[in-house]
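All remarks here apply to the structure that follows.
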Ligand SMILES: [Mg+2]
């Protein structure tokens, strides 16, 4: 593990470091620092005006210092003279409580104090589109059922293989890449790991995919629903919890689906808080065009609309695909990598502490038979509903941190207001002659 960035620079011929932090809206903000200045920056941090990014700070606040975490450093495979390093935000000698990486580190600390280590893998789907974002980039990618289309994935081999080669070089353990269920959509999988490692890699993955796409004259988007009628970008999370002795706390062959009592309780926490945590896992106006969506051209949305769980069946919010883990299918491509992990841990720990019951398991095809399920709560229909649910969920707000929750709700409500004041053609078409 890297501990001294100056030594790292000399050893790896790094000329510049990107000291990078992620704000509440998932924006990655960085300063480029020459290697000769990195020793001071590692000690003191790089100065930022916090108000200039989405952190709910004012212009009057003092400098915010982003202190790089050397364990996270990654040399850019496509520009090796530059290294990216995730940073933690401080102000006046204290952590900025609402900064997403600080929120996650605090929750990991709470889990650790109770003897648990949360490990996750994420499936960050994306589209390759034209540089102006108006359409997918491959005009020949028109199949009605494009999932796993081998011809289409090979037409984008240069992009996909370059990214996968980089993940191999970085030691992330990538193991498969495919064309996904929408025209122009792809998914690349790498090995699961401890939540902070996954959050840093998820952030870097988005940066890397966008950078490589740009290099090839394309644009990559993780937007939840970039094209009506096509499957949206999910960011499914595979979750397991490990004991301090290294054993999987979710695995128990004697229990239903191989999920231990602790696994059920953790899942119970996710189910209990689902409509509130959607404000984090589905954080944009557009997110709600992916969930609750009408059937797509391919035949399914692959996204949930109801708070239900099941075994190995992709039509529910949670799938238990095998022993010792479960898949949360709710998050989308807009999710903030640090807040995704944070809210999983916050809801799951509450489930463990309260011995939450995940409720009845449904093994039906939820897309076809969902109307037969009575009493299962629906997911929020829009961002405002989700924010209201989050605001009502006092225990989740408290677990995520009062400072974080207040800042997030304030900024996201402003975003909703800006959307709500936007006049649309739909309104004119449906109201002009009323
Ligand atoms: Mg997928």
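The values are calculated or read from the model by the stated rules, or taken from the named source; none is laboratory data. The model shown is predicted, which means the values in this text are computed figures rather than measured ones. Methodologically, a virtual Cβ is constructed for each residue, glycine included, from the backbone with ideal geometry; neighbour enumeration extends over all protein chains shown.
Restrict the check to the range 28-40 and report whether at least one residue is touching a residue at least 60 places away in the same chain (Cβ under 8 Å), within 28 Å of residue 341 (Cα to Cα) and under 25 Å from the mean Cα position of the chain (by Cα). Yes, some residue in the range 28-40 is touching a residue at least 60 places away in the same chain (Cβ under 8 Å), within 28 Å of residue 341 (Cα to Cα) and under 25 Å from the mean Cα position of the chain (by Cα). Residue 205 passes every criterion in (1) away from the ligand (no atom under 16 Å from the Cβ); (2) assigned to a helix (DSSP H, G or I); (3) touching a residue at least 12 places away in the same chain (Cβ under 8 Å) apart from (1). Of the candidates 140, 195, 152, the single residue that is away from the ligand (no atom under 16 Å from the Cβ) and either closer than 30 Å to residue 1 by Cβ or touching a residue at least 24 places away in the same chain (Cβ under 8 Å) (or both) is 195. Per the listing 85, 122, 118, the residue uniquely touching a helix residue (DSSP H, G or I) at 6+ places or on another chain (Cβ under 7 Å), within 16 Å of the ligand (Cβ to nearest atom) and in contact (Cβ under 8 Å) with a residue 60 or more places away in the chain is 122. Filtering 161, 124 for residues that are touching a strand residue (DSSP E or B) at 6+ places or on another chain (Cβ under 6 Å) and either surrounded by 19 or more Cβ atoms within 10 Å (Cβ to Cβ) or more than 30 Å from residue 248 (Cα to Cα) (or both) leaves a single hit, 124. Of the residues that make up the range 372-379, is at least one at pLDDT below 95 and assigned to a helix (DSSP H, G or I)? Yes, there is a match, as at least one residue in the range 372-379 is at pLDDT below 95 and assigned to a helix (DSSP H, G or I). Whenever a residue of the range 96-111 is under 13 Å from residue 53 (Cβ atoms), it has no partner that is modelled with pLDDT under 95 and not in a loop (DSSP other than H, G, I, E, B) lying with C-beta atoms less than 6 angstrom away and at least six residues away or across chains. Among the residues of the range 217-236, those that are touching a helix residue (DSSP H, G or I) at 6+ places or on another chain (Cβ under 8 Å) and within 12 Å of the ligand (Cβ to nearest atom) comprise 232, 233, 234, 235.
Evaluation of residue 319 against the conditions (1) more than 19 Å from residue 120 (Cα to Cα); (2) within 16 Å of the ligand (Cβ to nearest atom); (3) more than 17 Å from the chain's Cα centre (by Cα) shows that the sole unmet condition is (1).
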